[in-house]
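The values are calculated or read from the model by the stated rules, or taken from the named source; none is laboratory data. In this text, all values refer to a predicted model and were calculated from it rather than measured experimentally. Heads up, the Cβs are rebuilt from the backbone with ideal geometry, glycines too, and the neighbour counts pull from every protein chain shown.
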Amino acid sequence: MTKITDHIKASNGKPIFSIEVIPPIKGDNLKNLLDNIEPLMEFKPPFIDVTYHREEYIERPLPDGTIQKIVTRKRPGTVGICSAIMHRFGVDPVPHVLCGGFTREETEDFLIDLHYLGIDNALVLRGDPAKPFSTFKAKENGYTYASELVEQVANMNRGIYLHEEDTPLAPSNFCIGVAAYPEKHFEAANHDIDFHYLKYKIDKGADYIVTQMFFDNKKYFDFVERCRQEGITVPIIPGLKPISTRKQIQILPKIFHLHLPDDLVKAIEACENDQQARQVGIEWSIQQCRELIAHEAPVLHFYTMGKADNIMKIAREVF
Ligand code: FAD
């Protein structure tokens, strides 16, 4: 399959349309997810990201007064969904690969499965803290930062596997993406520190960047400019999420640690229902996309959150 960076090169400066999908909640239907995104194939996404959702912990009180900790997973199935996307749509899937919840050996097995399936792209992430905890804790013999996982994947690409004396073995061929935050990662004390560690991820072998969602393009433009000043030369893909409910103006800043422009907040607050809010979100996103295209953003990458109708309307206007 083709690497994301090669898709970008092959586009010759024409913006690429791409999406991110979330695995269905356990017990739900994969068919619904695929049927939902099928209409978006009209815009020929060369790749589709599939998120990964780490384990969560439920605490159950037992009759003897102790607490039983149960590990559960709400949205399993990332690898299977990637395979289904590849075979149904002939599109390159980009599985998200996390540090959180994995030992490095489990990660290696996960990457080997992807390699066997012919999946040559991976978005490498630390992951958020396991629910209900508020701080990230690496699994024993796992990684604390995405840069460490980038290094493991880059080593596999050189044929260096864990605990193998007779290296190099046959190398993998992953194109490695990493995440970045135009408004700063919430744990970083300041932008300088965040850029320092972003550069470190690139130096360890990352090939491209995908940004957190933003609603003011200036944040993306400033971010790209600073990256270039720091010597980060890889493609920087803007992540976009059209607002689709009135509640999101409260929820999104809290969950994703970002700011919404006053004009957008006012426009959503003036809506009488979610249908109107959805329309405002579509129009805002169309303007964002047009400006990003004018500034030669390589890809417009949409966080679908499982819904495609608003993305369809936006894509029709801008591609
Ligand atoms: P890192 O790059 O490791 O950075 C985390 C923090 O540590 C930052 O503040 C950074 O400045 C700091 N830092 C980095 N290296 C060091 C170091 N060596 N020493 C000290 N500090 C350091 N989460 C999921 O669970 N599943 C997903 O599928 C998923 N997909 C995502 C897709 C995108 C495009 C984005 C932007 C985020 C996604 N996330 C996902 C959320 C992501 O996992 C969280 O934002 C997480 O908190 C940080 O991940 P990271 O890879 O950016 O971490």
Pairing a residue in the stretch 44-57 that is in contact (Cβ under 8 Å) with a residue 24 or more places away in the chain with any residue that is of a type in the set (A, V, I, L, M) and within 7 Å of the ligand (Cβ to nearest atom), where Cβ atoms lie under 7 Å and the two sit 6 or more apart in sequence or on different chains, gives Asp49/Leu123; Tyr52/Leu98; Arg54/Leu98
Taking the conditions exactly as written (at pLDDT 95 or above and exposed (fewer than 13 other Cβ atoms within 10 Å of the Cβ)), does Gly100 satisfy them or not? no
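If you scan the stretch 138-151, which residues turn out to be surrounded by 15 or more Cβ atoms within 10 Å (Cβ to Cβ), assigned to a loop (DSSP other than H, G, I, E, B) and near the ligand (Cβ under 10 Å from one of its atoms)? Let's see the steps before the verdict.
Going through the stretch 138-151, the residues surrounded by 15 or more Cβ atoms within 10 Å (Cβ to Cβ) turn out to be 138-139, 142-143, 145-151.
Subset that is assigned to a loop (DSSP other than H, G, I, E, B): 138-139, 142-143, 145.
Correct list: Tyr143, Tyr145.
Per-residue answers, yes or no, for (1) surrounded by 16 or more Cβ atoms within 10 Å (Cβ to Cβ); (2) within 16 Å of the ligand (Cβ to nearest atom); (3) not aromatic (Phe, Trp, Tyr):
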position: Ser11; (1), (2), (3): no, no, yes
position: Asn29; (1), (2), (3): no, no, yes
position: Asp35; (1), (2), (3): no, no, yes
position: Pro39; (1), (2), (3): no, no, yes
position: Phe43; (1), (2), (3): yes, no, no
position: Arg54; (1), (2), (3): yes, yes, yes
position: Leu62; (1), (2), (3): no, no, yes
Hey, Lys307 part of a loop (DSSP other than H, G, I, E, B) and charged (D, E, K, R) or not:
yes
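From the set of residues in the stretch 111-132 that are near the ligand (Cβ under 9 Å from one of its atoms) and surrounded by 19 or more Cβ atoms within 10 Å (Cβ to Cβ), which is farthest from Tyr200 (Cα to Cα)? Can you show your working first?
Step one: list which residues in the stretch 111-132 are near the ligand (Cβ under 9 Å from one of its atoms), which gives 123-129.
Checking the rest, the ones that are also surrounded by 19 or more Cβ atoms within 10 Å (Cβ to Cβ) come to 123-127.
On the way: Leu123: 16, Val124: 14, Leu125: 14, Arg126: 14, Gly127: 17 Å.
That would be Gly127.
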Among the residues of the stretch 219-244, the number that are closer than 19 Å to Thr5 by Cβ, of a type in the set (Gly, Ala, Ser) and touching a residue at least 60 places away in the same chain (Cβ under 8 Å) is 1
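Ala154 - would you say it is within 14 Å of the ligand (Cβ to nearest atom) and surrounded by 15 or more Cβ atoms within 10 Å (Cβ to Cβ)? Quick ask: steps written out before the conclusion?
Values: within 14 Å of the ligand (Cβ to nearest atom): no; surrounded by 15 or more Cβ atoms within 10 Å (Cβ to Cβ): yes.
The answer is no for Ala154.
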Among residues of the stretch 172-216 being within 9 Å of the ligand (Cβ to nearest atom) and acidic (Asp, Glu), the residue nearest to Val153 (Cα to Cα) is Asp194
Selection over the stretch 284-316 where residues are surrounded by fewer than 17 Cβ atoms within 10 Å (Cβ to Cβ) and closer than 21 Å to Ile25 by Cβ yields a count of 4
Note on the stretch 256-298: residues in contact with a strand residue (DSSP E or B) (Cβ under 9 Å, 6 or more places away or on another chain) and under 13 Å from Glu317 (Cα atoms) are Ser285, Gln288, Cys289, Ile293
If you go through Thr135, Thr167, the only one that is surrounded by fewer than 21 Cβ atoms within 10 Å (Cβ to Cβ), without any contact (Cβ under 8 Å) to a residue 24 or more places away in the chain and within 11 Å of the ligand (Cβ to nearest atom) is Thr135
Just to be sure, is Ile268 part of a helix (DSSP H, G or I), out of contact with any Ser or Thr (no Cβ under 8 Å at 6 or more places or on another chain) and more than 14 Å from the ligand (Cβ to nearest atom)?
-> yes
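Only one residue in Thr167, Thr135, Thr211 is at pLDDT below 95, of a type in the set (Val, Ile, Thr) and under 30 Å from Ile249 (Cβ atoms), so which one is that? Let's see the steps before the verdict.
Numbers: Thr167 fails: under 30 Å from Ile249 (Cβ atoms); Thr211 fails: at pLDDT below 95.
Testing whether each residue is at pLDDT below 95, of a type in the set (Val, Ile, Thr) and under 30 Å from Ile249 (Cβ atoms) leaves just Thr135.
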When (1) outside any helix (DSSP H, G or I); (2) within 24 Å of Gly101 (Cβ to Cβ); (3) hydrophobic (A, V, I, L, M, F, W, C) are applied to Ala154, the one that fails is (1)
